[in-house]
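The values are calculated or read from the model by the stated rules, or taken from the named source; none is laboratory data. Source: prediction; values computed, not measured. Positions of Cβ are backbone-derived with ideal geometry, glycine not excepted, and every protein chain shown enters the neighbour counts. Protein only, heavy atoms only, side chains kept; ligands, DNA and RNA dropped before computing areas. Shrake-Rupley method; radii C 1.70, N 1.55, O 1.52, S 1.80 Å.
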Amino acid sequence: MTGATKLIALDWGTSSLRAYRLGDDGAVLDRRALPWGIMNLPVVEASAVGSKAGFEQAFEEACGDWLAAAPGTPVVAAGMVGSAQGWREAAYLEVPLQVADIGAGLTAVPTRNGAVLHIVPGLIERGELPNVMRGEETQVAGALQDGAAGELLIGLPGTHSKWVRIMGEHGGERFTHFDTFMTGEAYAALSGHTILGRTMERGAGAGFDAAAFERGARVALGAAGINGVLSTIFSTRTLGLTGALNGAAQADYLSGLLIGHEIAALRAARMGDGLTANPRVVLIGDGKLCERYRQALALYGYTDVSVAAQATERGLWKLAMQAGLIR
């Protein structure tokens, strides 16, 4: 094990656990991926049923040897480990708030091996339709560049896509609002469990059909888009029946259509709030998925778009610094 360990950082979600050993300035010295998400913890002895032994076991498998080699190293974790179903609930912080307030609100959990796990809180935005996030707040913190002024729109494509408005102002960055779109989960459900998937052909070697994707992404821009996504998704089937889209193209068409509706709704909300038409946009997530979003965003007038790298690791390091765990 090379390099002095300054921080152990965990990205602990529903289905997986990612561990990072970080050195000076947050450099990643080592990383691990384990299947021990909060809904799939290691099996422990019968006497421990109903306790937190599964979390303890997963924690030790993820970083026990790192802690043994560098005792006293601070440990920070973000994600669903802090949910009501997690190791210990880290209460939501309310939006709007300063990004620096997140690091000040960590929840400390003593472990059986003597280490203390510090869990990052999630965020909640109250209102008629409340919105929550856990884990994404850390990625957003990691994508920010200190001192940047003005508005920044951060997109986190995925199963439940998030769009976060950040305002850079005197005294630091501020979370002002965020939206959630269940685009990824809707795509999986529609293509896997409805009639739309019956005519799709998704072979292992199938490439990305950029033309079909763009065709779908443009739907919400046209007159048909006014009927909404519940109407337009049926075109995935009818364009196949009429020969306009072959089976291999239909999956990418549906992907583009759903993402197009997501961005159209986002743009409409921004226009209603009188916000900048073409803000700076930073995407966080899988590279191929971010590229799809970049392509669709351009169709809707968003041209100042970049992709953040290592946002999770950077965010965990930044929040640990804000909490005073490292200097």
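Computed with a 1.4 Å probe on the full set of protein chains, the accessible area for Met182 sits at about 110 Å².
Amide H to amide H, with H built 1.01 Å from N, Arg280 comes under 5 Å of Leu153, counting only residues 5 or more places away or on other chains. Across region 250-264, computed HN-Hα scalar couplings (Karplus, 6.51 cos²θ - 1.76 cosθ + 1.60, θ = phi - 60°) run 5, 5, 6, 4, 5, 4, x, 4, 5, 5, x, 5, 4, 5, 4 Hz from first to last residue, x flagging Gly and Pro. Multiplying the residue separation of Val43 and Ala210 by 0.36 nm and subtracting their alpha-carbon distance yields 55.7 nm.
Proximity of backbone amide H atoms, modeled 1.01 Å from N, is registered between Asp30 and Arg21 at under 5 Å, excluding neighbours fewer than 5 places apart on the same chain. Looking at the P(r) of region 19-132, how many percent of alpha-carbon pairs lie beyond 22 Å? The calculated P(r) of region 19-132 puts 41 percent of pairs beyond 22 Å.
Taking amide H positions as modeled 1.01 Å from N, with prolines and chain starts lacking one, the residues under 5 Å from His177 and 5 or more places away or on another chain are Arg165. Coupling constants for region 322-327 follow from the phi torsions by the Karplus curve (6.51 cos²θ - 1.76 cosθ + 1.60, θ = phi - 60°), and in residue order they are 4, 7, x, 6, 9, 10 Hz; glycine and proline get x.
Ranking Thr303, Leu254, Leu29 by how far each Cα lies toward the positive end of the dipole of the chain (charges on Cβ) leaves Leu254 at the top.
GNM on the chain, alpha-carbon springs under 10 angstrom: the most fluctuating residue among Ile226, Ile119, Ile102 is Ile226. Taking every DSSP bridge with both residues inside region 1-124, close to 65 percent are antiparallel. Quick one: in the chain, what % of C-alpha pairs are over 30 Å apart? That fraction is 42 percent. Please report Rg over Rh for region 229-312, where both radii come from the alpha carbon positions and Rh follows the Kirkwood definition. Rounded to two decimals, Rg/Rh equals 1.05.
Karplus-based coupling profile of region 223-228, in residue order and whole Hz: 4, 5, x, 5, 6, x, with θ = phi - 60° in 6.51 cos²θ - 1.76 cosθ + 1.60 and x standing for Gly or Pro.
For the chain, what does the relative contact order come out to in percent, with C-alpha contacts under 8 Å and a separation of six or more?
17 percent
At the residue level, Glu185 shows approximately 80 square angstrom of accessible surface with a 1.4 angstrom probe and all protein chains present.
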